[in-house]
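Undergrad: Mind looking over this structure? Questions follow.
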Amino acid sequence: MFVIGSMPLTHPSQSADGDPGKKYEVTRLDLGHLHPTRSGLVTIATTVDDDVIISSQVNVGTLHRGDEKLFEVRDYRQIPMLASRHDWTAPFIGETGAAHAIEDAMGITIPTRVAWIRTLLAEFSRITSHFTFLSWVGHHCDDAGLENAIATAIENARRIWQRCSGNRIHPMITRIGGLRIHPESEWQPALGEWLDDANALVTRLRTALDATVGVRGVAVIPTNMIDRYGLSGPVSRASGVDLDTRRRTAVYDELKWPEVVIEPRGDAYSRLATLCNDAAVSSSLCRQILDRLPSLDGPLETRLPTAIKAPRGRTWTTIEAPWGRAGYLLESRGSTTPWRMALRTPTFANVQVLEAVLPGTRVDDVEATIASLGWTLGDLDK
């Protein structure tokens, strides 16, 4: 049994399938002190023959947040604040996705300036999220300097969020139809400087990844598995299937997408390299938006009634989260709270496919496999 995370086992003598008569060996995987998997416990029960995994079963359920049930007892103004918490590596994307679903259900068109700033902050969130997962490269290479550089970048990003929103981790600035942020002059210059450092860090990460041993040819995901397991984002692009939903939306259509070198081999190396590419692309998009914002004017909020009620019906919206397509299913019966609001989280698909790609993988390659198929427990076990 592989145990991922820093939490202790509740019943260390219990077998994987609940049979106390069976014996098994527990291997704890540590992907580094910055890696999101460290915050909680996921177990993978495996059968191993001659150092090769024959079968695997991923066990989740340790951190059931219950977000979908909590949405049902929150009014629409409160929901983005709650959605900010299910993926703590990119909380702004979570709250923006929930607001987008509510706005679509109510037929609200957000102001142009709001759309551009939301896009800027979403891409900023994408970079910091990728850095947390790429911290495994420094840990695996035993490069303390690289790990410290990533930690510094994440800490500086949190200081920018504090200037922008007043909060370091969960911004909670998304409003239905708008944003509530501090003046741009307080945080935009710092963001521009941070992007310079981020670009240098991406180059450093890519160099370290190219020199990393034990990632090429590991846990290959062929193209025909992408749709079967609902994979998207960096995972699908690393296998040669581009499902990025951003290119088909407003604001992104007006931006120039930089060319990146894609190696669609479908292995752990390709997935980690795609994270590096995505961070570079997001940095370029942020730069372009920062250059455009001074020419944009207009309100940051939409006037709404005191009591917000979505009309009866069902609405499905998606947003490109750091690990792929995040979906929001909103069903309303005309009241001030949703009858149901369900989340389709991309990292659940990542964990689901682990059971298919781990068989045939050597035990020594399990860590690289998991590092290239990231999750956060709130997003995984919602």
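The values are calculated or read from the model by the stated rules, or taken from the named source; none is laboratory data. Given the structure is predicted, the values throughout are model-derived calculations rather than measurements. Here the Cβ positions follow ideal geometry from the backbone for every residue, glycine too, while neighbour counts run over all protein chains shown. The protein model used for the area step is the full one, side chains on, heavy atoms only, and it has no ligands, DNA or RNA in it. Shrake-Rupley method; radii C 1.70, N 1.55, O 1.52, S 1.80 Å.
Undergrad: Return yes or no: is E301 open to solvent by 50 Å² or more (accessible area, probe 1.4 Å) and acidic (D, E)?
TA: Details: open to solvent by 50 Å² or more (accessible area, probe 1.4 Å): yes; acidic (D, E): yes.
Answer is yes for this residue.
Undergrad: Further, regarding this structure: I need a count of the residues in region 209-239 that are assigned to a loop (DSSP other than H, G, I, E, B) and open to solvent by less than 60 Å² (accessible area, probe 1.4 Å).
TA: Counting residues in region 209-239 that are assigned to a loop (DSSP other than H, G, I, E, B) and open to solvent by less than 60 Å² (accessible area, probe 1.4 Å) gives 14.
Undergrad: Just to confirm my filter: which helices (runs of 4 or more DSSP H) fall fully inside region 338-382 and include at least 3 residues that are closer than 17 Å to G5 by Cα and at pLDDT 90 or above?
TA: The qualifying helices (runs of 4 or more DSSP H) are 346-357, 366-371.
Undergrad: With the condition kept exactly as written, say whether any residue in region 122-133 is aliphatic (A, V, I, L, M), at pLDDT 95 or above and over 21 Å from T212 (Cβ atoms). Reasoning before the result, please.
TA: First, pick out the residues of region 122-133 that are aliphatic (A, V, I, L, M): 122, 127.
After this cut, where a residue has to be at pLDDT 95 or above as well, the list is 122, 127.
Checking the rest, the ones that are also over 21 Å from T212 (Cβ atoms) come to 122.
Taking every residue of region 122-133 in turn, at least one turns out to be aliphatic (A, V, I, L, M), at pLDDT 95 or above and over 21 Å from T212 (Cβ atoms).
Undergrad: Turning to a different aspect of this structure: Return yes or no: is R204 out of contact with any Cys (no Cβ under 8 Å at 6 or more places or on another chain), surrounded by fewer than 20 Cβ atoms within 10 Å (Cβ to Cβ) and among the basic types (K, R)?
TA: Values: out of contact with any Cys (no Cβ under 8 Å at 6 or more places or on another chain): yes; surrounded by fewer than 20 Cβ atoms within 10 Å (Cβ to Cβ): yes; among the basic types (K, R): yes.
So R204 fits the description; yes.
Undergrad: Can you pull out every residue in region 314-338 that is touching a strand residue (DSSP E or B) at 6+ places or on another chain (Cβ under 8 Å) and not hydrophobic (A, V, I, L, M, F, W, C)?
TA: If the condition is that a residue be touching a strand residue (DSSP E or B) at 6+ places or on another chain (Cβ under 8 Å) and not hydrophobic (A, V, I, L, M, F, W, C), then R314, T315, T317, T318, E320, R325, G327, Y328, E331, S332, P338 are the ones that fit.
Undergrad: So how many residues does region 240-253 have that are surrounded by 11 or more Cβ atoms within 10 Å (Cβ to Cβ) and part of a helix (DSSP H, G or I)?
TA: Count: 3.
Undergrad: Given the criteria touching an Asp or Glu at 6+ places or on another chain (Cβ under 8 Å), in a helix (DSSP H, G or I) and open to solvent by 70 Å² or more (accessible area, probe 1.4 Å), does R159 qualify?
TA: So R159 fails the test.
Undergrad: Are any residues in region 207-246 within 30 Å of R118 (Cβ to Cβ) and of a type in the set (A, V, I, L, M, F, W, C), and if so, which ones?
TA: Across region 207-246, the qualifying residues are I226, L231, V235, A238, V241, L243.
Undergrad: Farther than 30 Å from S295 by Cβ and among the charged types (D, E, K, R) - does that describe any residue in region 128-142?
TA: Checked region 128-142: at least one residue is farther than 30 Å from S295 by Cβ and among the charged types (D, E, K, R).
Undergrad: Please work out which one of (1) open to solvent by 20 Å² or more (accessible area, probe 1.4 Å); (2) touching a helix residue (DSSP H, G or I) at 6+ places or on another chain (Cβ under 7 Å); (3) under 18 Å from L358 (Cα atoms); (4) at pLDDT 90 or above is the condition L31 fails and give its number.
TA: Tallying (1) open to solvent by 20 Å² or more (accessible area, probe 1.4 Å); (2) touching a helix residue (DSSP H, G or I) at 6+ places or on another chain (Cβ under 7 Å); (3) under 18 Å from L358 (Cα atoms); (4) at pLDDT 90 or above, L31 fails exactly one: (1).
Undergrad: Scan region 104-126 residue by residue and report those that are hydroxyl-bearing (S, T, Y) and open to solvent by less than 30 Å² (accessible area, probe 1.4 Å).
TA: T119, S125
Undergrad: Still on this model: Are any of the residues in region 304-314 open to solvent by less than 50 Å² (accessible area, probe 1.4 Å) and within 26 Å of the chain's Cα centre (by Cα)?
TA: no
Undergrad: From the list P299, P294, exactly one residue is free of Cβ contacts under 8 Å to residues at least 12 places away in the same chain, under 15 Å from I117 (Cα atoms) and not charged (D, E, K, R). Which is it?
TA: P294
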